[in-house]
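Asks: First the structure, which I've put down as structure tokens, then a few questions once you've had a look.
Just so you know, all these numbers are worked out from the coordinates, no wet-lab data involved. As the structure is a computational prediction, the values presented were derived from the model and not from experiment. We place every Cβ from the backbone using ideal geometry, glycine too, and count neighbours over all the protein chains shown.
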Amino acid sequence: MSSTEPPEARIVAAVPPARPVRVGAGEKLRTTSLPGLTLNVRTRPPAVSGLPPAVFLHGLGGCSQNWSPLMERLADRLDIEAPDLPGFGDSPPPDDGDYSITGHARAVIRLLDAGGRGPVHLAGNSMGGTIAIRVAAVRPDLVRSLTLVSPALPERRPQRTAVPTGLLAIPGATRLFSRATRGWDAERRTRELLALTYGDPRQVGQEDFALAVEEYERRLALPYFWDALARSARGLIDSYTLGGQHALWRQAERVLAPTLLVYGMRDQLVAFRTARRASATFRDSRLLTLLDAGHVAMMEYPEAVARSMRELLDDVDGRPVDEADGSEEQDVPDGSDRPDGREARDGRDSRKTGGVPVPGTDGSGAARG
């Protein structure tokens, strides 16, 4: 893969963080050195040996901690790794300064190739979902299943609440924002972030909020924090403008792996209306709708997401490996047949299901499409 965003001449020095990221109970961190980059990888030792491998990718401005609640709930089914993408969490910037979606995807592919763990169950949230789509499209041999939580795909009419985040891609915007919010402490910044990403920020407990403030303070101390954020945002927006085989919706059509789509109806960054288009685009998909979730459903309703992922894993486990890993691309019919020749469990085409929200037993209002 070639980079779609040439790195700028100015490279910010990768000064080690003054404080390391938090390690939750039962988690471990390791540092992996790869050509051109160093990645901090969060793991949770599986409950038993021999579980299938999985890799989880966080979104713009996030880190591997975003996946901790889900990792805990799937420790009996998956051997999970969650890397901090270059420039985020505890991972320093990449040597070439390339924060494009292609650059991030290349980092993930290097991690997978180096570990020899593929094909993996790949999951991504927001920008991490965009990266996961690109990895699944160009390297189907590395992906056994795909879970996308509010994937950042191009929208014809973005929500107004998402516009400020998109403006971060404008050169100099982060500098202006940091000046305008100079009087904000980490607590206020954290509250603003939770208000934007959570369907109901009030569900965040005091202890978790205090830990989030501590993490925000740590990030603000990094000399490359704003640079990594701005240039990754620019790389994401730039990816929306690509055409031909590099267009994101075109690449979504090429994904062979069984795909779980998770959308929150209170998402202020990714419009829920894109769920129907995504469900129709991915050739072998199922949809989970969460009525009260915002942009980070795996943090807000990890039980509901874990339950749907288990159903996906059960489905994938029942398929031959060569079918699930995309070793042979298939044409997808427009009728009610699934790509694998079997009917969906509820008798509907898994590609065409929109998902009607109904109240869920866990309070999330979960609905499966």
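Asks: Per 0.36 nm of contour for each residue apart, how much would the distance between ALA195 and VAL48 grow if the chain were fully extended, relative to their Cα-Cα spacing? Please list the in-between numbers first.
Replies: On the way: separation 147, 0.36 × 147 = 52.92 nm, distance 3.79 nm.
Contour length minus Cα-Cα distance gives 49.1 nm.
Asks: How much FRET efficiency would the formula 1/(1 + (r/R0)^6) give for LEU220 and ARG319, where r is the Cβ-Cβ distance and R0 is 56 Å, rounded to 0.05?
Replies: Numbers: r = 46 Å, r/R0 = 0.82.
For R0 = 56 Å, the calculated efficiency reads 0.75.
Asks: Here is a further query. Say the dipole of segment 68-138 comes from +1 at the beta carbon of Lys and Arg and -1 at that of Asp and Glu; which of LEU122, MET71, LEU85 then lies farthest toward its positive end?
Replies: LEU122
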